[in-house]
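These notes are about the structure you will find just below.
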Amino acid sequence: MSKFKVLLVSGPNLSILGMRQPEIYGYESLKSYEQEAIAEGLKCDIDVRTYQSDSEAEIVQVISEGNGTYDAIVINAGALTHYSWSISDALANFGGKVIELHITNPNARATFRHKSVIAPVSNGLIAGFGIIGYKLAILAVHELLTS
């Protein structure tokens, strides 16, 4: 039995990673990104569960239902990062740690991507490191939960 439980949440269009603009997001599938996080979790005694949805409402629901079940949430909300106050509110109500995660660096892209409504309710942000970011997110969660 793992010491900690972490929910890795992936938002809209992340299910088509590897096919969606590979020149920006790379050729790895979402499954590959998830496996990176899961493998790092095993090293850190963290049980990583994954969830992906293109629906804002479903993401809000899984965050709310995870309160009291998970010690932390790592979330790549995709485009919802920039305008989903409902996800922000759900994360603000979540009792554990929150890491905002992005495959690319939003600040190096279109101006609308520079604002995150998730950042104010997150313990930290990992962005721009591609698949390695998923490993870094689990390491950050481990540090937050054990320090």
Kindly provide the set of residues from segment 103-123 that are at pLDDT 95 or above and within 11 Å of the chain's Cα centre (by Cα), ordered by number. I118, S122
Could we say that L136 is crowded, with 16+ Cβ neighbours inside 10 Å, under 28 Å from Y27 (Cβ atoms) and either of a type in the set (A, V, I, L, M, F, W, C) or at pLDDT below 95 (or both) here? yes
List every residue pair whose Cβ atoms lie under 8 Å apart, where the two residues are 6 or more positions apart in sequence or sit on different chains, the first residue falls within segment 77-104 and is touching a residue at least 40 places away in the same chain (Cβ under 8 Å) and of a type in the set (K, R), and the second residue, located anywhere, is crowded, with 22+ Cβ neighbours inside 10 Å and not in a loop (DSSP other than H, G, I, E, B). K97/A72; K97/I73; K97/V141
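Can you find even one residue in segment 30-52 that is within 20 Å of S116 (Cα to Cα) and part of a helix (DSSP H, G or I)?
Scanning segment 30-52 turns up no residue that is within 20 Å of S116 (Cα to Cα) and part of a helix (DSSP H, G or I).
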Is one or more of the residues making up segment 10-26 surrounded by 17 or more Cβ atoms within 10 Å (Cβ to Cβ), at pLDDT 95 or above and either within 25 Å of H142 (Cβ to Cβ) or touching a His at 6+ places or on another chain (Cβ under 9 Å) (or both)? yes
Filter segment 105-144 down to the residues that are in a helix (DSSP H, G or I) and among the aromatic types (F, W, Y), then identify the one that is nearest to A79 (Cα to Cα). F112
Test result for S2, touching a strand residue (DSSP E or B) at 6+ places or on another chain (Cβ under 6 Å) and in a loop (DSSP other than H, G, I, E, B): yes
Going through segment 39-85 in order, the residues found to be over 19 Å from R20 (Cβ atoms), touching a Gly at 6+ places or on another chain (Cβ under 9 Å) and small (G, A, S) are G66, G68, A72, S84
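Tell me, please, whether a residue that is farther than 18 Å from H142 by Cβ and either β-branched (V, I, T) or in contact with a Leu (Cβ under 8 Å, 6 or more places away or on another chain) (or both) can be found in segment 39-47. Walk me through it before giving the result.
Applying the first criterion (farther than 18 Å from H142 by Cβ) to segment 39-47 yields none.
No, because not a single residue in segment 39-47 is farther than 18 Å from H142 by Cβ and either β-branched (V, I, T) or in contact with a Leu (Cβ under 8 Å, 6 or more places away or on another chain) (or both).
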Counting just the residues of segment 60-80 that are touching a Lys or Arg at 6+ places or on another chain (Cβ under 8 Å) and surrounded by 19 or more Cβ atoms within 10 Å (Cβ to Cβ), which one comes out nearest to R109 (Cα to Cα)? I73
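The values are calculated or read from the model by the stated rules, or taken from the named source; none is laboratory data. Computed from a predicted model, the values in this text were never measured in an experiment. When we count neighbours, we look across all protein chains shown, and the Cβ atoms used for this are built from the backbone with ideal geometry, even at glycine.
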